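The values are calculated or read from the model by the stated rules, or taken from the named source; none is laboratory data. Remember, it's a predicted structure, so these values are computed and weren't measured experimentally. Heads up, the Cβs are rebuilt from the backbone with ideal geometry, glycines too, and the neighbour counts pull from every protein chain shown.
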Amino acid sequence: MSTDTLRRRILLVLAAAFLFSLWAIKAASQATTPDTPEAHLGRGYDALKQDRYDAAVAEFRAALAADPTVSVRARFPLAVALFELHKSDEARHELELVRRDVGDHPNVFYYLGRLDLDDHLYPSAIQNLTKSAASRLFPTPPTIWATPASSKAIWQPRKSG
């Protein structure tokens, strides 16, 4: 057998091994990613935490399509992802569905208020954001009021001098 023929056979075997390994990796990844509503919710939450909003929307919608009873757990994060993608009408629709299912909730009021601000609906924005702020269980920490030029909070008393 010539050297050229031997090289071709080695390359053919290596290519076949490479293709087989790609197939095995794909098969293993499909085996570990179940197509259940819970799996879609988990992947949606992960995508949302990583600011991958398109992927989050797809996963939450897949969870809802697979099992409408996950509505309470899927619709709010779906609305947040749509909000971040600047899909205001879709986000508002999902928030209204959440509001219908769970009632008045501060987080729903917050995002409705933010959507109202974006749509220049200022009286409605004030109303929703006021309801959100009034319903907060924990106040905003004072460190949020720190000035950019200093790490001191605005509310700290001045030193008399």
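Can you confirm whether the range 64-74 contains a residue that is at pLDDT below 95 and basic (Lys, Arg)?
yes
Going by the structure shown, is VAL102 modelled with pLDDT under 95, surrounded by 13 or more Cβ atoms within 10 Å (Cβ to Cβ), out of contact with any Leu (no Cβ under 7 Å at 6 or more places or on another chain) and not polar (S, T, N, Q)?
yes
From the list ALA24, ALA62, ALA16, ALA39, pick out the single residue that is on the phi < 0 side of the Ramachandran plot and touching a Pro at 6+ places or on another chain (Cβ under 9 Å).
Residue meeting the stated conditions: ALA62.
Regarding the range 90-98, can at least one residue be identified that is farther than 18 Å from LEU129 by Cα, out of contact with any helix residue (DSSP H, G or I) (no Cβ under 6 Å at 6 or more places or on another chain), charged (D, E, K, R) and part of a helix (DSSP H, G or I)?
no
Limited to the range 1-56, what total is found for residues that are outside any helix (DSSP H, G or I), closer than 30 Å to LEU78 by Cα and modelled with pLDDT of 75 or more?
The qualifying residues number 6.
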